[in-house]
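A.B. asks: Have a look at the structure that comes next, please.
The values are calculated or read from the model by the stated rules, or taken from the named source; none is laboratory data. Quick caveat: nothing in here was measured; it's all calculated off a predicted structure. Every residue, glycine among them, receives a Cβ derived from its backbone with ideal geometry; neighbour counts consider all protein chains shown.
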Amino acid sequence: MSPFESLEISPFCRHLCSKKLLFQKRPPVAASEILDASQHTWCDRTQEAVGPDGDVSDPEDCVRGRGCFTPYGS
């Protein structure tokens, strides 16, 4: 493993989407950078509020350890 592989750019899956994220210039590092007043998020792999594994797509659940998680930079 290279030193760069151990760096975590964002704790969230790169497929997690929200309207607020469309205006971000860097990967989110906190849920507040993802969630707006509507609290609506979706997965860009399924284009729905659930991920490919059938579980909800939100900042709390779309993190390392989930089967469909894909880190930023990969």
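A.B. asks: So Leu7 fits all but one of (1) surrounded by 13 or more Cβ atoms within 10 Å (Cβ to Cβ); (2) modelled with pLDDT under 95; (3) hydrophobic (A, V, I, L, M, F, W, C); what number is the exception?
C.D. replies: (1)
A.B. asks: Check Ile9 against each of (1) without any contact (Cβ under 8 Å) to a residue 60 or more places away in the chain; (2) assigned to a loop (DSSP other than H, G, I, E, B) and name the one condition it does not meet.
C.D. replies: (1)
A.B. asks: Would you please name the residue that is farthest from Glu8 (Cα to Cα), looking only at residues in the stretch 25-74 that are in contact with a Cys (Cβ under 6 Å, 6 or more places away or on another chain) and charged (D, E, K, R)? Step through it out loud before you land on a result.
C.D. replies: Quick first cut of the stretch 25-74, residues in contact with a Cys (Cβ under 6 Å, 6 or more places away or on another chain) only: 42, 44, 51-53, 57, 62, 69-70.
If we keep only those that are charged (D, E, K, R) as well, we get 44, 53.
Working: Asp44: 21, Asp53: 23 Å.
Only one residue fits best here, namely Asp53.
A.B. asks: Within the bounds of the stretch 28-51, is there any residue that is touching a Pro at 6+ places or on another chain (Cβ under 7 Å), aromatic (Phe, Trp, Tyr) and buried (at least 18 other Cβ atoms within 10 Å of the Cβ)?
C.D. replies: no
A.B. asks: Right, next: For Arg45, state whether it is touching a Phe, Trp or Tyr at 6+ places or on another chain (Cβ under 9 Å), in a loop (DSSP other than H, G, I, E, B) and of a type in the set (D, E, K, R).
C.D. replies: no
A.B. asks: Taking interchain pairs and intrachain pairs at least six residues apart, which have beta carbon atoms under 7 angstrom, with the first residue in the stretch 51-74 and over 16 Å from Ile34 (Cβ atoms) and the second part of a loop (DSSP other than H, G, I, E, B) and of a type in the set (Ser, Thr, Tyr)?
C.D. replies: Here the result reads Pro52/Thr46, each pair linking the stretch 51-74 to a residue that is part of a loop (DSSP other than H, G, I, E, B) and of a type in the set (Ser, Thr, Tyr).
A.B. asks: Moving to a separate point now. Under 6 Å by Cβ, and 6 or more places apart or on different chains, what pairs join a residue from the stretch 22-36 that is at pLDDT 95 or above with one that is assigned to a helix (DSSP H, G or I)?
C.D. replies: Partner pairs satisfying both residue conditions: Ile34/Leu21; Asp36/Lys20.
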